[in-house]
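Novice: Pasting in a structure now, in structure tokens, and then I'll have a few things to ask.
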Amino acid sequence: MPGSRQADPWLTDFLRYLQFERNLSPNTVKAYTRDLDRLIAFCADADIKGWDNLAVHHLRLFLSAGHRQGLSGKSQQRCLSSIRSFFNYLNREGRVKHNPAHQLAAPKSEQKLPRTLDTDQVNKLLEVKGGKWHTVRDRAMLELFYSSGLRLAELVGANLPDISWDDGTIKVRGKGNKERILPIGQKAISALQIWLVARPECRRPPTDNALFISERGSRISPRNVQARVRHWTRSQNLNGNVHPHMLRHSFASHLLESSGDLRAVQELLGHADISTTQIYTHLDFQHLAEVYDKAHPRAHNKTEKHD
């Protein structure tokens, strides 16, 4: 085991495997890289000479060191998952015969519920008025975010041919470059049709077939989209830090609240594991509990007057 990632051919091959065979996003590959760089530094300090010499007790020490450094349970879980995947790869290639990470579980962290907007707040945000080029584009982006529950990367990566006007759907490429077909609501369809009329009127002719572009004619960047969402949050007098993913959370929460169909929401969101989607059942229960507390006559104590 060389002392750096650049000098370790097995780790280099593994990162290529993640990028080209599993088609993971650049951000996900970077996360794997950071986790395994930490492991390499730990092994160098502990004088562990090769991957076949890494044992369970070493990983326990590694996790303990991460805890002392203040890493959250979620970060430790992700790091252990990265190590587990790396050793699965080494097993597949015949480099090692064991996987020390299989015998360990990282400490659990408290699950944080995602922040959402209620329906009134969403309606207020989407009441974007005006006919300027940026306004027309931004209204279409906001409507599509909430209508179809897109991730930021999915919206930015959408192309003109991805929309099927005949059946009102859009094809998106999610995590792992997996494609799925999503319905588009009528209000989003109308906003998109108005946007496509205005789209060619940008400062420079569009350079590709991106659905959403900047005024320079190139595909809009994720940072630009985030800035435009913040702009409309302020303009529509909404409190708090509204970001694109909050619209996705709101989409999922409101859909589950209305339908109760967890499996359908999982499919629409593109979650590989339904346990990821189940967080929205907690949000739904939280909403029901609030309604109960406000409405049920026995939900809280009331001072009774007696003659």
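Novice: Take residue 171 and decide whether it is out of contact with any strand residue (DSSP E or B) (no Cβ under 8 Å at 6 or more places or on another chain) and either β-branched (Val, Ile, Thr) or under 30 Å from residue 256 (Cβ atoms) (or both). Give the derivation first.
Specialist: On the way: out of contact with any strand residue (DSSP E or B) (no Cβ under 8 Å at 6 or more places or on another chain): no; either β-branched (Val, Ile, Thr) or under 30 Å from residue 256 (Cβ atoms) (or both): yes.
The answer is no for residue 171.
Novice: Further question on the same structure: What's the number of the condition residue 155 fails, among (1) outside the structural domain of residue 218 (by TED's automatic domain parsing); (2) crowded, with 22+ Cβ neighbours inside 10 Å; (3) not acidic (Asp, Glu)?
Specialist: (1)
Novice: Hey, another quick one. Which one is farthest from residue 116 (Cα to Cα), of the residues in the stretch 251-265 that are out of contact with any Phe, Trp or Tyr (no Cβ under 7 Å at 6 or more places or on another chain) and of a type in the set (Gly, Ala, Ser)?
Specialist: We begin by selecting, within the stretch 251-265, every residue out of contact with any Phe, Trp or Tyr (no Cβ under 7 Å at 6 or more places or on another chain); these are 254-255, 257-264.
Going one step further and asking which of them are of a type in the set (Gly, Ala, Ser), we end up with 258-260, 264.
Working: 258: 15, 259: 17, 260: 17, 264: 19 Å.
Looking at residues that are out of contact with any Phe, Trp or Tyr (no Cβ under 7 Å at 6 or more places or on another chain) and of a type in the set (Gly, Ala, Ser), I get 264.
Novice: Hey, another quick one. Looking only at the stretch 135-145, decide whether some residue is farther than 24 Å from residue 265 by Cβ, modelled with pLDDT of 95 or more and hydroxyl-bearing (Ser, Thr, Tyr). Talk me through it step by step, then tell me what you get.
Specialist: To start, the set of residues in the stretch 135-145 that are farther than 24 Å from residue 265 by Cβ comprises 135-139.
Subset that is modelled with pLDDT of 95 or more: 135-139.
Add one more test, that the residue is hydroxyl-bearing (Ser, Thr, Tyr), and what stays is 135.
Yes, that holds for at least one residue.
Novice: Restricting to the stretch 200-212, what's the tally of residues that are touching a Pro at 6+ places or on another chain (Cβ under 7 Å) and in contact (Cβ under 8 Å) with a residue 24 or more places away in the chain? Give the steps one after another, and end with the answer.
Specialist: Taking the stretch 200-212 and keeping what is touching a Pro at 6+ places or on another chain (Cβ under 7 Å), we get 200, 206, 209.
Those still in the list that are in contact (Cβ under 8 Å) with a residue 24 or more places away in the chain too: 209.
Total satisfying the criteria: 1.
Novice: Between 268, 247, which is under 19 Å from residue 185 (Cβ atoms) and either of a type in the set (Lys, Arg) or out of contact with any strand residue (DSSP E or B) (no Cβ under 8 Å at 6 or more places or on another chain) (or both)? Even if it seems obvious, please write down each step before you answer.
Specialist: Details: 268 fails: either of a type in the set (Lys, Arg) or out of contact with any strand residue (DSSP E or B) (no Cβ under 8 Å at 6 or more places or on another chain) (or both).
The conditions single out 247.
Novice: Test each condition in (1) at pLDDT 90 or above; (2) surrounded by 15 or more Cβ atoms within 10 Å (Cβ to Cβ); (3) not acidic (Asp, Glu) for residue 265 and report the one that comes out false.
Specialist: Condition (1) is where residue 265 drops out.
Novice: If you don't mind, there's one more thing I want to ask. Those residues that are closer than 28 Å to residue 23 by Cβ, in contact with a Ser or Thr (Cβ under 9 Å, 6 or more places away or on another chain) and either outside any helix (DSSP H, G or I) or hydroxyl-bearing (Ser, Thr, Tyr) (or both), I need them from the stretch 170-187; list them, please.
Specialist: Keep residues of the stretch 170-187 that are closer than 28 Å to residue 23 by Cβ, which gives 170-184.
Remaining after also requiring in contact with a Ser or Thr (Cβ under 9 Å, 6 or more places away or on another chain): 170-172, 175-177, 181-184.
Matches in the stretch 170-187: 170, 171, 172, 181, 182, 183, 184.
Novice: Still on this model: Return yes when residue 140 is loosely packed, with under 15 Cβ neighbours inside 10 Å and either over 24 Å from residue 26 (Cα atoms) or outside the structural domain of residue 245 (by TED's automatic domain parsing) (or both) and no when it is not.
Specialist: Details: loosely packed, with under 15 Cβ neighbours inside 10 Å: no; either over 24 Å from residue 26 (Cα atoms) or outside the structural domain of residue 245 (by TED's automatic domain parsing) (or both): yes.
Spelling it out, it is not the case that residue 140 is loosely packed, with under 15 Cβ neighbours inside 10 Å and either over 24 Å from residue 26 (Cα atoms) or outside the structural domain of residue 245 (by TED's automatic domain parsing) (or both).
Novice: Please determine, by comparing only the residues of the stretch 174-196 that are without any contact (Cβ under 8 Å) to a residue 24 or more places away in the chain and surrounded by fewer than 12 Cβ atoms within 10 Å (Cβ to Cβ), which one is nearest to residue 255 (Cα to Cα).
Specialist: Only one residue tops the list, namely 186.
The values are calculated or read from the model by the stated rules, or taken from the named source; none is laboratory data. Here the structure is a predicted model, which is why all the values come from computation and not from measurement. Neighbour counts run over all protein chains shown; Cβ positions are idealised from the backbone, glycine included.
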